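Trainee: First the structure, which I've put down as structure tokens, then a few questions once you've had a look.
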Amino acid sequence: MPVTRALFDQVMVPNYNPAAMIPVRGEGSRVWDQDGREYVDFAGGIAVSCLGHCHPVMVNALTEQANKLWHLSNVLTNEPALRLAKKLTDATFAERVYYANSGAEANEAALKLARRWALEVHGENKQEIIAFHKGFHGRTFFTVTVGGQPAYSDGFGPKPGGVQHVEFNNLESLAAVMSDKTCAVMIEPLQGEGGVVPGNEAFLKGVRELCDQHQALLIFDEVQTGFGRTGTLYAYEQTGVTPDILTTAKALGGGFPIGAMLTTAAIAAHLKPGTHGSTYGGNPLACAVSEAVMSVVNTKEVLDGVKQREQWFRDALAKINDKYQVFKEVRGMGLLLGAELNDKFKGKARDFLNAGADEGVMVLVAGMDVIRFTPSLIISETDIAQGMARFEQAVAKVVAAHA
Ligand SMILES: *Cc1c(COP(=O)(O)O)cnc(C)c1O
């Protein structure tokens, strides 16, 4: 039986529409498809593959743990889970860790914890969750409802209640709806899916102050910005704001599914035995890989290297733009960068993605107007140069087609 893209339509639920080619192998920031065609990977599995593909440190950790112990369930704890939790709490504001298997699940835990905390500390009249238009927090029904794109949450029947949305980077719009009934504010310090939009510093500080004023919890969703992506282990370190709860996933496992919610001991105390859980959460394989990824990512060399690579990306994109005038601006932090198309190419981000794939470079979009780059944090200068040369070819083709 040939395994082709056509088989996808025969056997898969059609909620995705993947590209025609099927990758079969990856190494570093290069990927090969079934026909042996090679691609430079500027997508990194959507901000997941922070050490590229098949990094030896990850392969070793995975195979070593695979020969020891795969799974126990949370009736028992395990060494990799405890070691990783110690490292995460040592490296952040947090004192307690809850493990999940994805970003959505980490956020689901954060929202449930916030509601339970409010109930136990402040009583029944403090349930409002406030989040932001264009925010993205995952696809479970609670998290997708808190996310700010109704298109993703409509059409599934009654939504979880007590959720409001306000404008990102607009403090007055938040202040207008906050009250002592506010239980938590959930925010991405830099909106990823919503178009690679950094929260400005004054805004984020203001959000923190409003939360303090109304005794509401501040939840930072760092599923996309976290684990070195912006040049610090977590983006909050650069904002001057410390959240009460932080969620992390994507790069946390470097390609192995894992998510986590980090918080303080006082807040964590409200998830008492039996209140929440996950069969796979804290699985030894996932935690062993994540621990190994962290040993590489959370080093000065790699984090400083992110800043250097950001500059290489920005320089290359500026050069392309000088020649072809396609971008309105390039924005983002570290290796979470978005090139917003100018009016002439508005709505055409996908054309650039497709043209890129034809030229042998994988990029992402964030909405219809932004081309997004979330490569490996250790992508080489050569890979960036070759990928950008291919991307320039792609831009030339799209521009020619629209002339
Ligand atoms: C990807 C993402 C999620 C969802 O993560 P999953 O692992 O797909 O559930 C949540 N929040 C943000 C900010 C994300 O980028």
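The values are calculated or read from the model by the stated rules, or taken from the named source; none is laboratory data. The shown structure was predicted, so the numbers you read here are calculated from the model rather than taken from an experiment. Glycine gets a Cβ as well: all are built from the backbone with ideal geometry, and neighbour counts include every protein chain shown. All accessible areas refer to the heavy atoms of the entire protein, side chains included, with ligands and DNA or RNA removed. Shrake-Rupley method; radii C 1.70, N 1.55, O 1.52, S 1.80 Å.
Trainee: What accessible surface, in Å², does a 1.4 Å probe find on residue 388, ignoring ligands, DNA and RNA and rounding to the nearest 10?
Mentor: 10
Trainee: Right, another one. Please compute, over every Cα-Cα pair in region 89-229, the percentage with a separation greater than 21 angstrom.
Mentor: 40
Trainee: Taking Cα centroids, how far is region 110-132 from region 252-316 in Å?
Mentor: Answer, in whole Å: 25.
Trainee: Just to be sure I understand the rule: take each whole DSSP H helix in the chain, project its Cα atoms onto its long axis, keep it if the span is 24 Å or more and its mean Kyte-Doolittle hydropathy is at least -0.5. Which ones pass?
Mentor: Working: long enough: 103-122 (28 Å, -0.25); 300-324 (36 Å, -1.13); 381-401 (30 Å, 0.27).
For the chain, where a helix must reach 24 Å along its axis and average at least -0.5, the hits are 103-122, 381-401.
Trainee: Follow-up question, since we're still on this one. Would you mind checking the radius of gyration and Dmax of region 63-146 based on alpha-carbon positions, in Å?
Mentor: Just the Cα atoms of region 63-146 yield Rg and Dmax of 16.4, 51 Å.
Trainee: Near residue 178, within a Cβ-to-Cβ distance under 14 Å, what is the net charge of the other residues, with Lys and Arg +1 and Asp and Glu -1?
Mentor: On the way: positive: 126, 181, 208; negative: 128, 167, 172, 180, 209, 212.
So the surrounding residues net to -3.
Trainee: How much accessible area does residue 32 have with a 1.4 Å probe, in Å² rounded to the nearest 10?
Mentor: Residue 32 has an accessible surface of roughly 60 Å² with all protein chains in place.
Trainee: List the aspartates and glutamates whose Cα lies under 15 Å from the Cα of residue 346, skipping any in the same chain that are fewer than 8 positions away.
Mentor: Output for residue 346: 329, 369.
Trainee: Given a 1.4 Å probe and heavy atoms of the protein chains only, how would you sort 326, 365, largest accessible area at the top?
Mentor: Working: 326 0, 365 25 Å².
Most to least solvent-accessible, the answer reads 365, 326.
Trainee: Using a Gaussian network model of the chain whose springs link C-alpha atoms within less than 10 Å, name the residue from 347, 52, 281 with the highest mean-square fluctuation.
Mentor: So, out of 347, 52, 281, the one fluctuating most is 347.
Trainee: What aspartates and glutamates does residue 87 reach when the alpha-carbon gap must be under 12 Å and sequence neighbours fewer than 8 apart in one chain are set aside?
Mentor: Answer for residue 87, where 12 Å is the Cα cut-off: 95, 291, listed by chain and number.
Trainee: Rounded to whole Å and sorted largest first, what semi-axes of the equivalent ellipsoid does the C-alpha gyration tensor of region 57-297 yield via the square root of 5 times each eigenvalue? Before the final figure, lay out each step's value.
Mentor: On the way: eigenvalues 173, 73, 56 Å².
Here the semi-axes work out to 29, 19, 17 Å.
Trainee: Here are some pairs, 328/397; 250/272; 307/344; 181/328; 181/250; 159/344; which of them have Cα atoms lying more than 29 Å apart in this structure?
Mentor: With Cα atoms farther than 29 Å apart: 307/344; 181/328; 181/250; 159/344.
Trainee: Further question on the same structure: Just subtract the alpha-carbon distance of residue 83 and residue 323 from 0.36 nm times their residue separation and send over the number in nm, one decimal.
Mentor: 81.4 nm
Trainee: Is it possible to state the helix-based mean residue ellipticity at 222 nm for the chain, with each DSSP H run of 4+ residues giving -39500 (n - 2.57), the sum divided by total residues, to the nearest 500 deg cm²/dmol? What is it?
Mentor: -12500 deg cm²/dmol
Trainee: Please give the solvent-accessible surface of residue 280 in Å², to the nearest 10, using a probe radius of 1.4 Å with every protein chain present.
Mentor: Near enough 140 Å² of accessible area.
Trainee: Tell me the net charge near residue 351. Cut-off is 14 Å between Cβ atoms, residue 351 excluded, with +1 for each Lys or Arg and -1 for each Asp or Glu.
Mentor: Net of charged neighbours comes to +2.
Trainee: With 33 Å as the cut-off, how large is the P(r) tail for the chain, expressed as percent of Cα-Cα pairs?
Mentor: Everything past 33 Å amounts to 33 percent.
Trainee: Follow-up. Name the trypsin sites (Lys or Arg not before Pro) in region 338-403 that are in a loop by DSSP and that have at most 12 other C-beta atoms within 10 Å, would you?
Mentor: When the trypsin sites (Lys or Arg not before Pro) of region 338-403 are filtered for loop state and at most 12 Cβ neighbours within 10 Å, 346 remain.
Trainee: Report the trypsin sites (Lys or Arg not before Pro) located in region 28-130 that are in a DSSP loop and have at most 13 other Cβ atoms inside 10 Å of their Cβ, or state none.
Mentor: Answer in residue order: 37, 68.
Trainee: Just report the Cα centroid separation between region 190-244 and region 45-72, whole Å.
Mentor: After rounding, the separation between the Cα centres reads 28 Å.
Trainee: If you take every DSSP beta bridge fully contained in the chain, what fraction is antiparallel? Give it as a percent rounded to 5. Walk me through the numbers before you get to the answer.
Mentor: Values: 31 of 48 bridges.
Close to 65 percent.
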